[in-house]
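Accompanying notes for the structure given below.
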Amino acid sequence: MKKIYVLILLYCFCSSVLFAQHRAQLLREDFLNPRLKKVLVVSHRGNWRSAPENSLAAIDSAIVMKIDAVEIDVRKTKDGHLVLMHDNTVDRTTNGKGKVANLTLAQIKSLRLKDKDGNLTEHTVPTLEEAMLVAKNKIMVNLDKAYSIFPEVYDVLERTGTANIVIMKGGAPVEKLRKEFSQYLDKVIYMPIVTIDKSGAEAFVKDYMKEMRPAAFELCYSDPASRMPKKMKKMLFKKTLLWYNSLWPSLNGGHDDEAALKDADGNYGYLIDKLGARIIQTDNPAYLLQYLRGRGLHD
């Protein structure tokens, strides 16, 4: 009887591991599918409405909610360790003071993270390695502020076996990217960022499409009257995925999370139907998921 019980536990464990690996593979395939019909959700700084931003609990919460990717921010400590922190100081999000670059890992690990209301929690600042191990096989990860330190970042990805779930991004022209980042282009998904209502944006996009046809473009614009978003859809739709941010109005011509609370169709729906968004980064993933599922655009 005991042997049967052990075998059942072993089967359940192996099944859960295989299911997680299968989910990660499916998510990666979605991010690489230019003709994707559903809309992928990226949670900004983890799911910070449920747990402190850039915490392990925020990543865990996103996994439980079946969010497709989390965006997290990477900084380097005084003694060369990589940790999750959006600001260049620990002042806003912890009970400490000072620049991340002036603090050791031990000093940062002694701090406690604050929640969205500024209350201290029991959560601590995670290392990039800890974060990637939590995410491994379960969710895609968009690394921000990581471009300039990517050789060290990639060491962590190799050590943890997580390069396959990473989306990197940057604003460098394609020629510069090839010089600086070429050795990693077949190892992680790379996505150019472009402010499309600025001069030179169209040429920037065309160069990328000609030279490497990236899996996605992160498109930002502030002017609600700009013609470029619809022009970008005409140029790129079904050739690559279009990523829009609903975080605040200056990134999306006013079609942000707050506006969507009053009119989801007029804001999330506008990004999806009028501009061709197939990836949306949000500060309100629960609400966006509810909207997408109601339209049959998310599992």
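State the number of residues belonging to segment 257-296 that are open to solvent by less than 10 Å² (accessible area, probe 1.4 Å) and among the charged types (D, E, K, R).
1
Consider residue 131 against the criteria (1) surrounded by fewer than 19 Cβ atoms within 10 Å (Cβ to Cβ); (2) small (Gly, Ala, Ser); (3) closer than 19 Å to residue 43 by Cα: it satisfies all of them except one. Which criterion is unmet?
Among (1) surrounded by fewer than 19 Cβ atoms within 10 Å (Cβ to Cβ); (2) small (Gly, Ala, Ser); (3) closer than 19 Å to residue 43 by Cα, the lone unmet condition for residue 131 is (1).
If only one of 41, 6 is more than 23 Å from residue 170 (Cβ to Cβ) and either of a type outside the set (S, T, N, Q) or at pLDDT below 95 (or both), which one is it?
6
Each row is one residue, and each column tells you yes or no for (1) more than 22 Å from the chain's Cα centre (by Cα); (2) under 22 Å from residue 283 (Cβ atoms); (3) open to solvent by 30 Å² or more (accessible area, probe 1.4 Å).
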residue: 206; (1), (2), (3): yes, no, yes
residue: 222; (1), (2), (3): no, yes, yes
residue: 225; (1), (2), (3): yes, no, yes
residue: 237; (1), (2), (3): no, no, yes
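Can you name the condition, by its number, that residue 59 falls short on among (1) within 22 Å of residue 164 (Cα to Cα); (2) open to solvent by 10 Å² or more (accessible area, probe 1.4 Å)?
(2) is the only condition that residue 59 fails.
Here's the yes/no breakdown for (1) over 30 Å from residue 35 (Cα atoms); (2) surrounded by fewer than 18 Cβ atoms within 10 Å (Cβ to Cβ):
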position: 113; (1), (2): yes, no
position: 120; (1), (2): yes, yes
position: 143; (1), (2): no, no
position: 172; (1), (2): no, yes
position: 178; (1), (2): no, yes
position: 194; (1), (2): no, no
position: 203; (1), (2): no, yes
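Can residue 283 be described as in contact with a Leu (Cβ under 6 Å, 6 or more places away or on another chain), charged (D, E, K, R) and at pLDDT 95 or above?
It is true that residue 283 is in contact with a Leu (Cβ under 6 Å, 6 or more places away or on another chain), charged (D, E, K, R) and at pLDDT 95 or above.
Yes or no: segment 56-65 includes at least one residue that is at pLDDT 95 or above and in contact with a strand residue (DSSP E or B) (Cβ under 6 Å, 6 or more places away or on another chain).
yes
Between 248, 243, which is within 18 Å of the chain's Cα centre (by Cα) and open to solvent by 60 Å² or more (accessible area, probe 1.4 Å)?
The conditions single out 248.
The values are calculated or read from the model by the stated rules, or taken from the named source; none is laboratory data. All values derive from a computational prediction rather than experimental measurement. Glycine gets a Cβ as well: all are built from the backbone with ideal geometry, and neighbour counts include every protein chain shown. These accessible areas exclude ligands, DNA and RNA; they are computed on the full protein's heavy atoms, side chains included. Shrake-Rupley method; radii C 1.70, N 1.55, O 1.52, S 1.80 Å.
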